[in-house]
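What follows is a single structure, written as structure tokens, with notes after it.
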Amino acid sequence: MHILVIEDEPKVAAFLLKGLQESQYHVSLATDVFDAKQALQANDYHLILIDVLLPDGNGMDLCRYIRKQDARTPILMLTALDSIDNKVSGLQAGADDYLVKPFHFNELLARIEALLRRTVRLQTEPGILIYADLKLNTDSKIAERAGAEITLTAKEYALLELFMQHPNKTLSRDYIAEKVWGIDFDTKTNFIDVYVNYLRKKIEKGFQSKLIHTNIGMGYILKEKAG
């Protein structure tokens, strides 16, 4: 597994590189936004660690830049900014997780392992999206859960594909309406909620583990969570 660490503080960078290499990860280091973009153009990574405060830019802006190019690679933000607003901003910028400095390396390692387990980049074939026990063939347009085929309408399929392209990320109703229906979301209607409920029933019926969850006031998220 190849991890890109984007961190300008020498002591923190050395700590991260040493710990991750000892944990059998292949690690590359970028110390600013410019170097990070160069590294991203030159290589593919399984996970990206981004410090929010960088000498030539902002880690959140860099995260948005990455998400425009790559919707799948998990991003973990590292920052000394611990307010709720900063955490929300990081997640809305496209980060999958957010860890406040100082942190214990064991917690960082556990979060990295969790993101790598869940990422859609673990797909084994071209045209196949996999999340948990859910599988979507984007060529045949066939969805399966635990090996059982799920019959979807065209819009339900498009909605599921959107979720599986953005696992562990909250998608707003505005974003869903634009990407699936190609329209602006009318706040007076509930058609997004209706279609999400249709999809939930089809992919969760008979399963204890729920995959599509509501973030009240924010939207919906595809996330592995028991119960």
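Key figures
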quantity: Residue satisfying all of: in the range 62-90; assigned to a helix (DSSP H, G or I) and buried (at least 19 other Cβ atoms within 10 Å of the Cβ); modelled with the lowest pLDDT among these; calculated: GLY90
quantity: Only one of THR79, THR73 that is hydroxyl-bearing (Ser, Thr, Tyr) and either within 21 Å of GLY219 (Cβ to Cβ) or in contact with a Ser or Thr (Cβ under 9 Å, 6 or more places away or on another chain) (or both); calculated: THR73
quantity: Any chance GLY59 is crowded, with 17+ Cβ neighbours inside 10 Å, in contact (Cβ under 8 Å) with a residue 60 or more places away in the chain and touching a strand residue (DSSP E or B) at 6+ places or on another chain (Cβ under 7 Å); calculated: no
quantity: Selected residue [in contact (Cβ under 8 Å) with a residue 12 or more places away in the chain and more than 26 Å from LYS68 (Cβ to Cβ)] from PHE163, PHE207; calculated: PHE207
quantity: Matching strands (runs of 3 or more DSSP E) fully within the range 1-60 where at least 3 residues are of a type outside the set (Val, Ile, Thr); calculated: 26-30, 47-51
quantity: Those residues of the range 131-177 which are open to solvent by 50 Å² or more (accessible area, probe 1.4 Å) and either within 29 Å of TYR98 (Cα to Cα) or within 16 Å of the chain's Cα centre (by Cα) (or both), in sequence order; calculated: ASP133, LYS135, GLN165, ARG173, ASP174, TYR175
quantity: Residues that are among the acidic types (Asp, Glu), open to solvent by 60 Å² or more (accessible area, probe 1.4 Å) and touching a strand residue (DSSP E or B) at 6+ places or on another chain (Cβ under 8 Å), drawn from the range 36-56; calculated: ASP44
quantity: Residues of the range 1-20 that turn out to be in contact (Cβ under 8 Å) with a residue 24 or more places away in the chain and more than 20 Å from THR73 (Cβ to Cβ), as a count; calculated: 5
quantity: Check on ALA30, over 27 Å from MET164 (Cβ atoms), surrounded by 13 or more Cβ atoms within 10 Å (Cβ to Cβ) and either in contact (Cβ under 8 Å) with a residue 24 or more places away in the chain or small (Gly, Ala, Ser) (or both); calculated: yes
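The values are calculated or read from the model by the stated rules, or taken from the named source; none is laboratory data. Being a predicted model, the structure only gives us computed values, none of them experimental. In this analysis, Cβ positions are derived from the backbone assuming ideal geometry, glycine residues included, and neighbour counts consider all displayed protein chains. When the accessible area is computed, the model is the full protein with side chains, heavy atoms only, and any ligands, DNA or RNA have been set aside. Shrake-Rupley method; radii C 1.70, N 1.55, O 1.52, S 1.80 Å.
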